[in-house]
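Presented below is the structure to which this report refers.
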Amino acid sequence: MSLVSLRRAARESVSGLPREFWWLWTSTLVNRLGAFVATFMALYLTLDRGYSASYAGLVASLHGLGGVVSSLGGGVMTDRLGRRPTLLISQLSTAFAVALLGFVHDPVAIAAVAFLVGMASNASRPAVQAMMADIVRPEDRVRAFSLNYWAINLGFAVSSMAAGFIAEFSYLAGFLIEAGMTLVCAVVVFVKLPESRPVLTDKAAAEPAVGLGTVLRDGRFMSVVGLSFLVALVFQQGSVGLPVAMGEAGFTPADYGMAVAVNGFLIVALQIPVTRFIEHRDPKRLLVVSSLLAGYGFGLTAFAGSVGVFALTVCVWTLAEIVNAPTQTGLVVRLSPVHGRGRYQGMYTLSWSLAALVAPLMSGLVIDRFGAEWLWGLCAVVGTAAGLGYAMLMRSLPAEEPSFVETPAAPSAAPPVSPATEVGAA
């Protein structure tokens with residue numbers, strides 16, 4: 001492919017999206033560039049503070065539990081208070097909690113603040129996804145969610161490398177830098193992002209209110225949440241089951257780092273071109289194929305005997321991740337009522353938060369009792385079950401229809417601009 005073709009492909013991948021999207025995208029990128037706690041919490045507790053690995057695992061679980069709690073709470077806030085207030089509350093609370101975590105020393109206090117960090121940071125996810133659905137045209141949503149996912153992984157890849165150098169200097173500096181970057185995100189939201197919550201018309205106001213009970217009674221959507229949980233269980237094994245299995249097989253942490261680094265590299269390199277390929281394709285086929293690729297990508301790990309082969313298996317399930325993430329998020333928006341997007345996105349986020357809690361327990365139990373090969377076989381079974389579930393669920397997926405609600409004029413009327421102009425201005 002010529003340089004001209006590459007430039008044209010890149011331009012088409014980012015064109016046509018409103019400027020509000022790019023400011024939200026910038027906020028996401030800045031947030032992930034400052035990520036520190038999630039990357040080095042275990043090392044901070046065991047090496048710097050001298051606590052046991054069991055205590056570090058407990059703190060990590062409490063951090064995840066906070067995310068579970070705020071998945072639904074953040075969704076409710078998104079619908080009731082609005083997208084912008086929820087983002088500001090989440091980001092300001094996260095900045096305060098992360099900074100506080102760097103100064104507390106008592107083990108009970110550390111555990112409690114870690115729970116608060118998990119709760120505050122995860123509360124913004126439903127708001128971000130709902131705001132993107134509000135301000136981006138339906139035909140561009142898969143591309144928008146893909147670009148946002150790309151920003152998350154690019155920021156995390158850069159922050160992971162930077163965090164290592166920061167940790168050698170000072171763990172406290174890492175906490176304060178993350179708090180500062182989160183405050184920058186709040187400033188971007190406050191200055192550049194207007195509220196995007198749709199305004200209900202008289203016809204919409206006459207419809208029954210959307211509560212969490214409404215979401216739970218939505219059988220089709222809750223089936224999607226259940227399938228999302230299964231897929232998330234599989235993907236979580238890249239960070240919980242894979243390092244344990246490689247360690248038991250005699251590989252070093254550096255070997256695991258080399259293998260799993262392929263994941264971030266491929267997402268950054270392929271997310272945008274793959275999205276161009278899948279953007280207007282049948283979501284049912286994409287979700288079925290991505291579920292199978294995830295399951296059998298991890299299943300092939302049972303036959304890996306070298307770092308190179310482990311890296312090849314990572315390539316397979318990373319491709320599944322690249323396809324699954326924007327497609328599944330777009331499906332959630334498609335099945336959500338406009339005036340209940342926050343609650344629906346919160347329930348979807350809950351499926352990933354629960355998977356993050358269950359996956360470590362599942363992988364440890366299976367590996368200890370039966371061996372790593374059984375874990376990878378189980379991943380193949382779960383991926384197959386998810387694929388069959390998506391195939392059955394989406395036989396009669398309704399077409400997207402224009403909503404009877406009105407949105408504020410600013411986000412929808414914003415003319416498309418070049419991301420280089422908007423992001424560079426940040």
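Of the listed requirements (1) buried (at least 19 other Cβ atoms within 10 Å of the Cβ); (2) in the same structural domain as Gly377 (by TED's automatic domain parsing); (3) at pLDDT below 90, Met258 misses just one: (1). Filtered by the rule that a residue be of a type in the set (Gly, Ala, Ser) and surrounded by fewer than 18 Cβ atoms within 10 Å (Cβ to Cβ), segment 161-201 gives Ala162, Gly164, Ser170, Ala173, Gly180.
Residue under question is Thr86, and the condition is that it be surrounded by 24 or more Cβ atoms within 10 Å (Cβ to Cβ), in contact with a helix residue (DSSP H, G or I) (Cβ under 9 Å, 6 or more places away or on another chain) and at pLDDT 90 or above; does it hold? Working first, answer last.
Values: surrounded by 24 or more Cβ atoms within 10 Å (Cβ to Cβ): yes; in contact with a helix residue (DSSP H, G or I) (Cβ under 9 Å, 6 or more places away or on another chain): yes; at pLDDT 90 or above: yes.
So Thr86 fits the description; yes.
Picking from residues in segment 120-148 that are assigned to a helix (DSSP H, G or I) and farther than 19 Å from Val189 by Cβ, the one that is nearest to the chain's Cα centre (by Cα) is Ser146. Considering (1) in contact with a helix residue (DSSP H, G or I) (Cβ under 8 Å, 6 or more places away or on another chain); (2) in contact (Cβ under 8 Å) with a residue 60 or more places away in the chain, the lone condition that Glu139 does not fulfil carries the number (1). Remark: pairs (first residue in segment 169-180, under 16 Å from Val117 (Cα atoms); second residue at pLDDT 90 or above and buried (at least 22 other Cβ atoms within 10 Å of the Cβ); Cβ separation under 6 Å; 6+ apart in sequence or on different chains) = Phe175/Val98; Phe175/Leu101; Glu178/Val98; Ala179/Ala95; Ala179/Val98.
Mind checking which residues of segment 226-264 are in a loop (DSSP other than H, G, I, E, B), under 17 Å from the mean Cα position of the chain (by Cα) and among the aliphatic types (A, V, I, L, M)? Within segment 226-264, just Val240 meets the criteria.
What do you reckon, is Ser228 in contact with a helix residue (DSSP H, G or I) (Cβ under 9 Å, 6 or more places away or on another chain) and either farther than 25 Å from Glu321 by Cβ or at pLDDT 85 or above (or both)? Answer is yes for this residue. All conditions in (1) at pLDDT 80 or above; (2) surrounded by fewer than 19 Cβ atoms within 10 Å (Cβ to Cβ) hold for Leu62, with the sole exception of (2). Just one residue in the set Val104, Val76 is outside any helix (DSSP H, G or I), outside the structural domain of Pro326 (by TED's automatic domain parsing) and surrounded by fewer than 24 Cβ atoms within 10 Å (Cβ to Cβ); that residue is Val104. When the residues of segment 310-355 are narrowed to those that are out of contact with any helix residue (DSSP H, G or I) (no Cβ under 7 Å at 6 or more places or on another chain) and of a type in the set (A, V, I, L, M), which ends up farthest from Val234 (Cα to Cα)? Only one residue tops the list, namely Val338.
The values are calculated or read from the model by the stated rules, or taken from the named source; none is laboratory data. Please read these numbers as outputs of a predicted model, since none were measured by experiment. Every residue, glycine as well, gets a Cβ built from its backbone with ideal geometry; the counts of neighbours run over all protein chains shown.
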